[in-house]
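Here's the structure we're looking at; comments come further down.
The values are calculated or read from the model by the stated rules, or taken from the named source; none is laboratory data. Remember, it's a predicted structure, so these values are computed and weren't measured experimentally. Note: ideal-geometry Cβ built from the backbone for every residue, glycine included; neighbour counts use all protein chains shown. Ligands, DNA and RNA are excluded from the accessible area calculation, which covers all protein heavy atoms including side chains. Shrake-Rupley method; radii C 1.70, N 1.55, O 1.52, S 1.80 Å.
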Amino acid sequence: MLDKRKFYIDGQWVDPLAPHDLEVINPATEEAIAVISLGTEADIERAVAAAKRAFQSYSLTSVEERLALLEKLLAIYERRYEEMARTITLELGAPATMSREQQADVGVGHLKGFIDALKNLHMREKLPNGDTLLREPIGVCGLITPWNWPINQIALKVVPALATGCTCVLKPSEFTPLNAMLYAEMVHEAGFPAGTFNLVNGEGAACGAALSRHPDIEMMSFTGSTRAGKAVTRDAAENIKRVTLELGGKSPNIVFADADLEDRIPASVAEIFNNSGQSCDAPTRMLVERSVYDKVVALAEEAGKAARVGDPTEEGDHIGPLVSDIQFGRVQALIEAGIAEGARVLVGGAGKPEGFEKGYFVKPTIFADVTNDMKIAREEVFGPVLVLIPFDTEEEAIAVANDTPYGLAAYVQSGDLERAQRVAARLRAGMVHINGGPHRYGSPFGGYKQSGNGREGGRFGLEDFLEVKTVHLPDVA
Ligand code: NDP
């Protein structure tokens, strides 16, 4: 078992101030793979003090100096890429192929997206009215990340913080801490000055809250549940920190009768099952025009039955387990709620798939004949669970799509691009995908309503970490 009990503070791996061991569990085998430490408020204090000291000089570095550090980080990440993919498979249960092609790949994509954005960002600009505008790093940042796309969220927070001249303290999820510790090794090797990046493992209620409340932290960037996002916001209010949040979703996928159903329905099913459904922007509510409802139900059933669950260490396009026994319990409870509410089980259902008694594996599940007031249509399941809801008109589809407290992503499938764009404009969501259009690196990622505040990635992601200063000079005669 790996001994990973140290934290990365002020450029060194240090022991926690008080021992508090936690085993990291492989979700496919339920076996312990490593032991980490859970930090306390005192560890956070130490990390924030280091970040505060480092800010004095790091905030004054030039864009060119920071670009050189980011380029080094990119080269190191690319060299240790396979190690990152294997680590994510081990602690999250993401299947090997998916881990390499998606989970680890985002670490490269976002880094390149930020390097491009930084090259094009004007830290100093003359306004048309003669005033000068300066963009400056906001200060010490607290970063809290979840387990579902762990390196994605780390890259979307650590990279813009360091790119803009901020310093930071990262608290990754204690369910997937190993990829974060590997990232810390890379940041160290790249030569970022001591104290610019610090990592403390620990629980949200202790370490996360200590960060959010800390008076020397100017900004909190959080990704996770809406519940925890509200807690971070409340804790951060005391000293008016900037808070950016990337929270849950219940994204609608509107399927019009004129869509290429044979292509788009299996693709939509694959998208919801990807990462075992543990994605905040997954297309979890499929709204289907009634004239093609039966056909879509049949296509979804066929695609759902073809989905395979399997050992994450094996290559292939199967799905792995959920991350933890807690998530397994939550997903089971929601599947049971769907059955109790009278939704029709097309594929899957409650319980473990046959032959997978060990590990947090669940059956990929599809419910038909769902109404938007059912629990499975309203709550984020965060498992491979899709619901199908029929609609009659475009207006009704838009109304049902927007009838959710969330607003992260939305999806539209239609053969009429003009209609798809007309509908996209009326959806209250931060990102709309038309006919499988992918999210590209460098574009803003984030949501409306209770899906959060702020945008991550590229230029918008950098701007969230910057203050704006206006310098007024006297008029020249
Ligand atoms: P949480 O939101 O609780 O966890 C995400 C991160 O926030 C973890 O590092 C967690 O630490 C931390 N955290 C929790 N409470 C606080 C707090 N009060 N102050 C500061 N940090 C805190 O998600 P869960 O793991 O419990 O998952 C629950 C549900 O959240 C999922 O089923 C899913 O619906 C949603 N979720 C959404 C994600 C997204 O990408 N938007 C990602 C993950 C989950 P700790 O683990 O110690 O609690």
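For the cross-link pairs 52/241; 4/52; 250/352; 305/352, which exceed 18 Å when the distance is taken from alpha carbon to alpha carbon?
4/52; 250/352
What does DSSP give for the chain in terms of the percent of beta bridges that are antiparallel, rounded to the nearest 5?
40 percent
Could you give the angle, 0 to 90 degrees to the nearest 10, between helix 150-164's Cα long axis and the longest principal axis of the Cα atoms of the chain?
With both axes taken from Cα atoms, the answer is about 30 degrees.
For 101, 91, give the ranking by accessible area with the largest first, probe 1.4 Å.
Result, largest first: 101, 91.
Using protein chains only and a probe of 1.4 angstrom, how many square angstrom of residue 273 are accessible, to the nearest 10?
Approximately 10 Å² of residue 273 is accessible to the 1.4 Å probe.
Just round it to a whole percent: the fraction of Cα-Cα distances in the chain exceeding 39 Å.
23 percent
What's the angle, to the nearest 10 degrees (0 to 90), between helix 41-58's Cα axis and the longest principal axis of the chain?
Result, in degrees: 60.
Could you tell me the center-to-center distance, by alpha carbons, between the stretch 34-88 and the stretch 399-477 in angstrom?
The two parts, judged by their Cα centres, are 28 Å apart.
Could you give the size of the charge dipole of the stretch 252-442 about its Cα centre, using +1 on the Cβ of each K and R and -1 on the Cβ of each D and E, expressed in debye and rounded to the nearest 20?
With only Lys, Arg, Asp and Glu charged at Cβ, the dipole is about 380 debye.
If you project the alpha carbons of the stretch 252-442 onto the principal axes, what extent comes out on each, in Å, largest first?
That works out to 49, 38, 30 Å along the principal axes.
Would you mind counting up the charge near residue 377? Only other residues with Cβ under 12 Å from its Cβ, with Lys and Arg at +1 and Asp and Glu at -1.
Here the count lands on -2.
Collect residues whose amide H, placed 1.01 Å from N in the peptide plane, falls under 5 Å from the amide H of residue 9; neighbours closer than 5 in sequence don't count.
Answer set, sorted by chain and number: 14, 199.
Please compute the contact order of the chain in relative form: average sequence separation of alpha-carbon pairs under 8 Å and at least six residues apart, divided by the residue count, as a percent.
After rounding, I find 19 percent.
Amide H of residue 33 versus every other amide H placed in the peptide plane: which residues, excluding those fewer than 5 positions away on the same chain, fall under 5 Å?
Distant-sequence amide H within range of residue 33: 24, 25, 26.
Restricting to the stretch 252-442, what percent of DSSP beta bridges are antiparallel, rounded to 5?
Among the beta bridges of the stretch 252-442, antiparallel pairing accounts for roughly 15 percent.
Can you show me the helix-derived [θ] at 222 nm for the chain, built from DSSP H runs with n ≥ 4 at -39,500 (n - 2.57) apiece and divided by the number of residues, rounded to the nearest 500.
Rounded to the nearest 500, it is -11500 deg cm²/dmol.
Which whole-number percent gives the relative contact order of the stretch 252-442, counting Cα pairs below 8 Å spaced six or more residues apart?
28 percent
Quick check: convex hull of the Cα atoms in the stretch 356-477, volume per residue, rounded to a whole Å³?
Roughly 206 Å³ of hull volume per residue.
Could you provide, to the nearest whole Å², the per residue accessible area of the chain with probe 1.4 Å?
Result: 40 Å² of accessible area for each residue.
Just to confirm a number: summing +1 for Lys and Arg and -1 for Asp and Glu over residues other than residue 348 whose beta-carbon lies under 15 angstrom from that of residue 348, what do you get?
+1
How are the C-alpha pair distances of the stretch 337-403 spread across 5 Å bins, as whole percents from the shortest bin up?
That works out to 3, 16, 24, 22, 15, 10, 4, 3, 2, 0, in percent per bin.
List the aspartates and glutamates whose Cα lies under 19 Å from the Cα of residue 126, skipping any in the same chain that are fewer than 8 positions away.
List returned: 136, 463, 467, 475.
Expressed as a rounded percentage, what relative contact order does the stretch 25-112 have, with Cα pairs under 8 Å and six or more residues apart?
Relative contact order comes out at 33 percent.
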